[in-house]
Amino acid sequence: MTTSLAIPRVIGHRGAAGHAPENTLAGIRTAAAIGVKWVEFDVHLSLDGVPILMHDDTLERTSDGNGAVGNFSLATLKGLDAGKWFSDKFTGEGIPTLSEAIRLLASLCMGANVEIKPSPGREAATGHAVGRTLREEWPGDVPAPLVSSFAPAALAAIRDVAPMFQRGLLLSRIRRDWGTQMRALDCTTMHGNHRNLDRATVQEIRRAGYPVLCYTVNDRDRANTLFGWGVDAVISDHPDRIL
Ligand code: G3P
Ligand code: MG
């Protein structure tokens, strides 16, 4: 059976990336304090196959590590600081595992858009690992996650491993064949970059029965324009500006 979704209008991006270091537990807590009901975050794989929260393929921008995320074991990644780069206030904040994020979300009763963000060449492996973790650890009494990715192989993998979770197709620019791609991967939501969206495309997708989510919307007027076009949810670094 597939889980049903009640997607909130405003979703925190990478937690609440305008307020706290992205893809950290502090970011999820901050989003909750702001009042958002769901967060989006990105999931990579460590060298030893553990799903962890991280956006980039490399460590430099959001931690004190160097090199490719996928070249390091969880034990090594756990020794890094993923908060200080953002502000001294967050010194000591670590890179969370997906399991740790799930436990925190459960304690906050928050939902999530889990974006599978594979390192190149690890698309299917990341989809499988995320699928197994969600299937085994996502609590039944917390709103089911929506899983999305730019990587078709990751979406196909999670469909195989955890078909009960709905999948969203991420496209930076929505191409004319969007429907073919959605059907091929049994996706139920469309996620696009708001800069590349227009009213007609949003309406076409919604007429076909798919909710539209867009990123990264940090301006209240822009969010209202998008909602006016029929966009169902915006993903924001500054959800407080839009809520
Ligand atoms: O999932 C929406 C958005 O996060 C996709 O882009 O690069 O911020 O992960 P990015
Ligand atoms: Mg993302």
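The values are calculated or read from the model by the stated rules, or taken from the named source; none is laboratory data. Not measured: the values here are computed from a predicted model. Reconstructed Cβ throughout: ideal geometry from the backbone, glycine too, with neighbour counts over all protein chains shown. We work out accessible area using only protein heavy atoms, side chains counted, and drop any ligands, DNA or RNA first. Shrake-Rupley method; radii C 1.70, N 1.55, O 1.52, S 1.80 Å.
Of all the criteria given as (1) small (G, A, S); (2) open to solvent by less than 30 Å² (accessible area, probe 1.4 Å); (3) in contact (Cβ under 8 Å) with a residue 12 or more places away in the chain, the one not satisfied by S73 is (2).
Just one of (1) closer than 15 Å to A20 by Cβ; (2) open to solvent by 30 Å² or more (accessible area, probe 1.4 Å) fails for S107. It is (1).
For the range 224-243, taking the residues that are in contact (Cβ under 8 Å) with a residue 40 or more places away in the chain and either open to solvent by less than 10 Å² (accessible area, probe 1.4 Å) or within 16 Å of ligand 2 (Cβ to nearest atom) (or both), the one that is farthest from T30 (Cα to Cα) is identified as A233.
One residue stands out among those in the range 140-164 that are part of a loop (DSSP other than H, G, I, E, B) and in contact with a Ser or Thr (Cβ under 6 Å, 6 or more places away or on another chain): the one that is surrounded by the fewest Cβ atoms within 10 Å (Cβ to Cβ), which is M164.
Cβ separations smaller than 9 Å between residues 6+ apart or across chains give the following pairs from the range 153-182 residues that are among the aromatic types (F, W, Y) to residues that are in a loop (DSSP other than H, G, I, E, B) and at pLDDT below 95: F165/T2; F165/T3; F165/A144.
The set of residues in the range 1-52 that are more than 16 Å from ligand 2 (Cβ to nearest atom), in contact (Cβ under 8 Å) with a residue 40 or more places away in the chain and not in a loop (DSSP other than H, G, I, E, B) comprises L25, A26, R29, A32, I34. If you take the residues of the range 188-202 that are within 16 Å of ligand 2 (Cβ to nearest atom) and open to solvent by less than 10 Å² (accessible area, probe 1.4 Å), which of them is nearest to L146 (Cα to Cα)? Selected residue: T189. Quick check on the range 27-59: of everything there that is under 19 Å from D88 (Cα atoms) and open to solvent by 10 Å² or more (accessible area, probe 1.4 Å), which residue is farthest from ligand 1 (Cβ to nearest atom)? Applying the filter and picking the extreme gives R29.
Residues that are within 29 Å of L47 (Cβ to Cβ) and surrounded by fewer than 21 Cβ atoms within 10 Å (Cβ to Cβ) do occur in the range 166-187. One residue alone among E115, E93 is within 16 Å of ligand 1 (Cβ to nearest atom) and buried (at least 19 other Cβ atoms within 10 Å of the Cβ), and that residue is E115.
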